[in-house]
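The values are calculated or read from the model by the stated rules, or taken from the named source; none is laboratory data. Remember, predicted model here, so these are calculated numbers, not experimental data. Because the Cβ atoms are built from the backbone with ideal geometry, glycine has one as well, and the counts that use them run over all protein chains shown. Note: accessible area is taken over every heavy atom of the protein model, side chains too, but ligands, DNA and RNA are not part of it. Shrake-Rupley method; radii C 1.70, N 1.55, O 1.52, S 1.80 Å.
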Amino acid sequence: MLASGNSSSHPVFFILLGIPGLENYQFWIAFPLCAMYLVAIVGNVIILHIIRTDHTLHEPMYLFLAMLAITDLVLSSSTQPKMLAILWFHAHEIEYHACLIQVFFIHAFSSVESGLLMAMALDRYVAICFPLHHSTILTPAVVGKLGAAVMMRGLLWVSPFCIMVSRMPFCPNHVIPQSYCEHMAVLKLVCADTRVNRAYGLFGAFSVVGFDIIVISVSYVMILRTVLGLPSDEARYKAFGTCASHICVILAFYIPALFTFLTHRFGHHVPRVVHIMFANFYLLVPPMLNPIIYGVRTKQIRDRVIQGCCGKDP
C-alpha cells in the first residue's frame, strides 16, 4: 500500500522480518537480547546517577562518560523495544516515518558515540602527556563545546541522506530482512538510481569514522611514547591502567560496527544470519559493556557502586 507525496510515493509501512533463517528460535533469542538491553539501561542509568550526584566526578573524563551513557541509552532504545516486539509478538510492521526516524537515530547517535570515543582519547592524551595543564586545557566549557560539536556533526551528517531517501519512490516490495531500519536496508527498497545516496553514505561514514580513528590512533601513539618514557614500572602501569577501560570500549564499538558496515556493502558471501546477528549486537553490546567496563575498571565509580549497594564507605 503506497502513500502519495509531492515528489515521490512511499509505503504506509515496512515489514521487518526479524532474524531470517532463525524463525523457529526467535522467541528464545529474544530473552538474552532482553537481558542485555536491561543491563544496558540499568548500567548506564547508574553511571549517570553517580556522576550527577557526586560533584568530585565532574571532571572531563566523567563528563564524557556521562555523555557516552546518554548516547548508549538512545542508541539501544531506538531499536531494542521494536526488536523484542518482533521476536516475541510478531509485530513486524513499522510505520514509514517511524522507520525513517529509526534510521536517523541509529546513524546519528552511532556518529555521536564515535565522536565521544575520540574526545575521550584526547582527554587521556592531555591527562597523561600534559598532566599539569589538564584542568586548564579541558575546562568544563571546552568539554561542553566538544560534546556539542560531536552532537551537531552527527545530526548534520545523517540528515541529508534521510531527506534524500524520503524523497525517492519505493518499489512494491517493502520487506526489510532484518530487525530494524538501517540506511542501506531501506535504500535497497528504492525504485530509482541510488548511486548518489550510496556514495554519500560511504563518504560520510569513512570521513566521520576515519577521522575519529585517526585521532584516536595518534592520541594513543603519543600516550604510548610518553608512558614508555616514565621512570618507574609503577608509573607506567598506572598510566596504562587509566587507558585500559577506554581501549576496551573502543574495541567493543568499532569491531562490530565496521564488520556490519562493510558487510552491508561488500560482504555478499557472508551468511545473512551472521550479518543480521552482528547488526543486532552492534547496537546492543557496546551500550551493555560500556558501564560494566567503566564500573569494574574505574575505582571512583566502582567504590560508589559498592557504597550504594552495601551502604559502606569506600
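Here are a few things to note about the model shown:
- Restricting 159, 76, 114, 110 to those that are under 28 Å from residue 222 (Cβ atoms), touching a residue at least 12 places away in the same chain (Cβ under 8 Å) and in contact with a Phe, Trp or Tyr (Cβ under 8 Å, 6 or more places away or on another chain) reduces the list to 114.
- Flag if residue 64 is assigned to a helix (DSSP H, G or I) and open to solvent by less than 50 Å² (accessible area, probe 1.4 Å): yes
- Residue list for region 162-191, filter: aliphatic (A, V, I, L, M) and either open to solvent by 50 Å² or more (accessible area, probe 1.4 Å) or at positive phi (or both): 163, 164, 175
Let's see how each residue does on (1) of a type in the set (Ser, Thr, Tyr); (2) open to solvent by less than 60 Å² (accessible area, probe 1.4 Å); (3) at pLDDT 95 or above; (4) not in a helix (DSSP H, G or I):
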position	(1), (2), (3), (4)
81	no, no, yes, no
118	no, yes, yes, no
128	no, yes, no, no
135	yes, no, no, no
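- Residues located in region 280-296, provided they are closer than 18 Å to residue 49 by Cα and either in contact with a Ser or Thr (Cβ under 9 Å, 6 or more places away or on another chain) or open to solvent by less than 30 Å² (accessible area, probe 1.4 Å) (or both): 287, 288, 290, 291, 293, 294, 295, 296
- Condition check for residue 240: at pLDDT below 90 and either in a loop (DSSP other than H, G, I, E, B) or in contact with a Phe, Trp or Tyr (Cβ under 6 Å, 6 or more places away or on another chain) (or both): no
- Residues being outside any loop (DSSP other than H, G, I, E, B) and surrounded by 17 or more Cβ atoms within 10 Å (Cβ to Cβ) - total across region 42-61: 10
- Among the residues here, residue 314 qualifies as open to solvent by 20 Å² or more (accessible area, probe 1.4 Å), at pLDDT below 90 and farther than 30 Å from residue 194 by Cβ.
- Residue in region 204-221 that is among the polar types (S, T, N, Q), open to solvent by less than 40 Å² (accessible area, probe 1.4 Å) and within 29 Å of residue 274 (Cα to Cα) present: no
- Boolean, residue 207 is of a type in the set (S, T, N, Q), closer than 28 Å to residue 57 by Cα and assigned to a helix (DSSP H, G or I): no
- Filter result for residue 39 (within 21 Å of residue 120 (Cα to Cα), under 17 Å from the mean Cα position of the chain (by Cα) and open to solvent by 30 Å² or more (accessible area, probe 1.4 Å)): no
- Test: residue 214 is assigned to a helix (DSSP H, G or I), aliphatic (A, V, I, L, M) and either modelled with pLDDT of 90 or more or at positive phi (or both): yes
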